[in-house]
1. Grab the strands (runs of 3 or more DSSP E) fully contained in segment B:149-229, keeping just those with 1 or more residues being modelled with pLDDT under 95 and of a type in the set (S, T, N, Q).
2. Test of understanding: among A:Ser248, A:Ser211, which residue is among the polar types (S, T, N, Q) and within 25 Å of B:His72 (Cα to Cα)?
3. How many residues are small (Gly, Ala, Ser) and either facing chain A (nearest Cβ under 7 Å) or assigned to a loop (DSSP other than H, G, I, E, B) (or both) when one looks only at segment B:63-115?
4. Of all residues being buried (at least 22 other Cβ atoms within 10 Å of the Cβ) and under 13 Å from A:Leu285 (Cβ atoms) in segment A:204-225, which is farthest from the other protein chains (Cβ to nearest Cβ)? Just the residue, please.
5. Would you call A:Lys249 among the charged types (D, E, K, R), part of a helix (DSSP H, G or I) and buried (at least 19 other Cβ atoms within 10 Å of the Cβ)?
6. Among (1) more than 23 Å from B:Gln129 (Cα to Cα); (2) surrounded by 20 or more Cβ atoms within 10 Å (Cβ to Cβ), where does B:Phe98 come up short?
7. Going through segment B:50-109 one residue at a time, which ones are within 15 Å of A:Asn209 (Cα to Cα) and of a type in the set (Gly, Ala, Ser)?
Amino acid sequence: MRSQFLASEVAIGLRRNLTMTFALIITLGLSLAMFGSALLIRKQVDLMKDEWYDKVEVSMFLDKSVTQDQRLTLKESLEAHPEIQQVFYESSADALENAKEQFRDQPDLLASIGPDVLPESFRVKLKDPAKFEDVASEYRGAPGVFEVKDQREFFRPLFRILDVFRRAAFLGAGVALIAASLLIFNTVRVSAFTRRRETGIMRLVGASNLSIQLPFLVEGALAGVIGALFAAGLLAGGKTLFIDNLLSKVITFTPFVVWRDVWAVVGVVFPVGVGLAVLLSLLTLRKYLRV
Amino acid sequence: MITLDNVSKHYPNTARPALSDVTVSIDKGEFVFLVGSSGSGKSTFLRLLLKEEAPTSGTVHVAGKDLAKLSHWKVPALRRQIGCVFQDFRLLPNKTVFQNVAFALQVIGKHRHTIEKVVPEVLDLVGLQGKGGRLPDELSGGEQQRVAIARAFVNKPMILIADEPTGNLDPSTSVGIMKLLDRINRTGTTVVMATHDAVIVDSMRRRVVELDHGKVVRDQTRGVYGYSK
């Protein structure tokens, strides 16, 4: 089949089925945008984990009765430990300074803290934060050690919430993509039905199966491309409006996904959209276009 | 050209076979009328030739090929050697006469300059010169059937199958269509025509194969329509 003829057949097909094609492109675009958003949310959660988990440390609080010898032994041991990247010492006075900084909005709370209430501690940064238990168990009960605490414990509930959020996003995207798939299926079916006269003649005069199906497949691919472009536009718009102009101005303590992440997601959304449209068209044609 | 050997066809959920032990041989260049009442198996006979249906038993040979052994993707090549004309014309209403005929060539990938040369020639042959720009709605029934014949013949098939081609036409128009089919037959094309039209069959005096309840009850060279009506 000649390309010019193919193009005119595709144009006729799209025009004859215009409202359906339009609905298909919008639904496909929206569901692909939801899918892309879910990918971006996952990326965002990963970014926050990296950022926060890396900053937080293991705190090794010391007994009030700790001796200078014990303090030195611990410090040397920590510094020599293969799993430990960095060790800082924080005296009671340093701890108080930090607390004053942290709770400056709550003077009542500060007033109740005397200079010796906060224990001195070693702030330990692990090479691999996941190995916390291994390291902690080595030092628990060592002379002079009062308690070993993983600061990441504080963030666990937050990330649990973010995980739920992320899962909900993927679930929503999945449902939307199923809806889009059903719409593709139906659009192609109607398209095959409205053109049964043409396809019947094509069959009779001996057109190959491929040339009978090709106009439908090109239509599906075209709807997929336009839908994916629409989704890319929505994702870029969302990034500009929601992240650049809103969230990043209000929330400053965390990094946000950057444009490179958005383009990477578009790079996934595009083949998924076009592939889905073509694959479903093919499956529908096998069922509804007898050749 | 066409050979059916002991062909039977049972459709599922029907008690009686559509064709029962049919053996017919049609030579190259023959003109054959297929007659019989509705439900006698004429349509099934024609569908078998196009491999639209497969026989339940027996073998069908068309253009030297055993259709049972013809793989699925070679069926289009078979159909390019068979032109088809129907009672209801089956033209595309939104395409002109020229475009309707050209469509048959476009979908099998013919070049544009071939199409522009061949289509006017075949329109001349069927007597539609100067009407290439008309839409089917603007033509009479006889003229529409001529377009359909032009479309079936434009690729110079070896066989032309006509299923009640005069069924929707008045007698004088039908005569014109039969003259056209006769002219096509004289170019060496084998013509198989299913019909109810006794006047036409009687006047043409060609071979007649009569089907009744799926069986060949008569095969006559230079036959007439029959006695049953």
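1. B:190-195, B:215-220
2. A:Ser211
3. Adding up the residues that qualify gives 6.
4. Result: A:Gly220.
5. no
6. Failing condition for B:Phe98: (1).
7. Within segment B:50-109, B:Ser71, B:Ala77, B:Ala104, B:Gly109 meet the criteria.
This table checks each residue for (1) assigned to a loop (DSSP other than H, G, I, E, B); (2) out of contact with any strand residue (DSSP E or B) (no Cβ under 7 Å at 6 or more places or on another chain); (3) surrounded by fewer than 19 Cβ atoms within 10 Å (Cβ to Cβ).
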position	(1), (2), (3)
A:Met34	no, yes, no
A:Ser37	no, yes, no
A:Asp46	no, yes, yes
A:Asp50	no, yes, yes
A:Ser59	no, no, yes
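The values are calculated or read from the model by the stated rules, or taken from the named source; none is laboratory data. Since this is a predicted model, take the numbers as computed values, not measurements. Quick reminder, even Gly has a Cβ in these numbers, built from the backbone with ideal geometry, and neighbours come from all protein chains shown.
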